[in-house]
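Structure provided below as structure tokens; questions to follow.
The values are calculated or read from the model by the stated rules, or taken from the named source; none is laboratory data. Because the structure is a prediction, the values reported are computed rather than measured. Quick reminder, even Gly has a Cβ in these numbers, built from the backbone with ideal geometry, and neighbours come from all protein chains shown. Remember, those area values only see protein heavy atoms, side chains included, never the ligands or the DNA or RNA. Shrake-Rupley method; radii C 1.70, N 1.55, O 1.52, S 1.80 Å.
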Amino acid sequence: MADWYQRRDELEYGMVFTSCWGTVKLQDRVEGDGSQWNALSWTNGGWANEGATVEPGDLEDKIADPEAA
């Protein structure tokens, strides 16, 4: 498993990860913070904007977008 906190400069819009919060898709960086990201959550077979934010340390494995499957 990659240490995404150490690799946080490699994170980009649209990347999908498993995380301690479930499957998430990065949207944009939280304003005023250099590390947190606003994220969509994979819920009921689709992406939902639930106002979630994630830290790079919350991210586990980078995966393919389940919507693209």
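Which option, (1) 22, 35, 22, 14, 6, 1; (2) 22, 59, 18, 1; (3) 19, 41, 22, 10, 6, 2, is the value of P(r) over Cα pairs in 10 Å bins from 0, in percent that was calculated from these coordinates?
Answer by label: (2).
With a probe of 1.4 Å, find how much accessible area the chain has per residue, and write the answer as a whole number in Å².
On the way: 4330 Å² over 69 residues.
For the chain, the solvent-accessible area averages 63 Å² per residue.
Another one. Taking the Cα centre of the chain as origin and charging only Cβ (+1 Lys, Arg; -1 Asp, Glu), how large is the dipole, in debye to the nearest 20?
On the way: 5 positive and 14 negative charges, 19 e Å.
Charge dipole, the chain, about its Cα centre: 100 debye, nearest 20.
Taking 22 Å as R0, compute the FRET efficiency from the Cβ-Cβ separation of Tyr5 and Ile63 and round it to 0.05.
That pair, Tyr5 with Ile63, gives E of 0.75.
To continue, here is another question. Taking H placed 1.01 Å from N in the peptide plane, check which residues at least 5 places from Val30 or on another chain put their amide H under 5 Å from its amide H.
Those qualifying (amide H under 5 Å, at least 5 residues apart or on another chain) are Gln36, Trp37, Asn38.
Counting only protein heavy atoms and using a 1.4 Å probe, what share of the accessible area of the chain belongs to carbon plus sulfur, as a whole percent? Show your work: numbers first, answer last.
Working: 1870 of 4330 Å².
Its accessible area is 43 percent carbon and sulfur atoms.
Another one. So what J values fall out for region 30-42 if you push phi through Karplus, 6.51 cos²θ - 1.76 cosθ + 1.60 with θ = phi - 60°, rounded to Hz, Gly and Pro as x?
Calculated HN-Hα couplings, in order: 5, 4, x, 10, x, 10, 6, 10, 6, 9, 8, 10, 7 Hz.
Using per-residue counts of other Cβ atoms within 10 Å, averaged over each peptide, order 47-53, 9-15, 20-26 from highest down. Please report the intermediate quantities before stating the final value.
Values: 47-53: 13.1, 9-15: 11.6, 20-26: 17.6.
For the peptides 47-53, 9-15, 20-26, the packing ranking is 20-26, 47-53, 9-15.
May I ask you to evaluate 6.51 cos²θ - 1.76 cosθ + 1.60, the Karplus curve with θ = phi - 60°, for each residue of region 11-28 and list the ³J(HN,Hα) values in order in whole Hz, giving x for glycine and proline?
Along region 11-28, the couplings run 6, 9, 3, x, 5, 10, 9, 7, 8, 5, 9, x, 8, 10, 10, 5, 10, 7 Hz.
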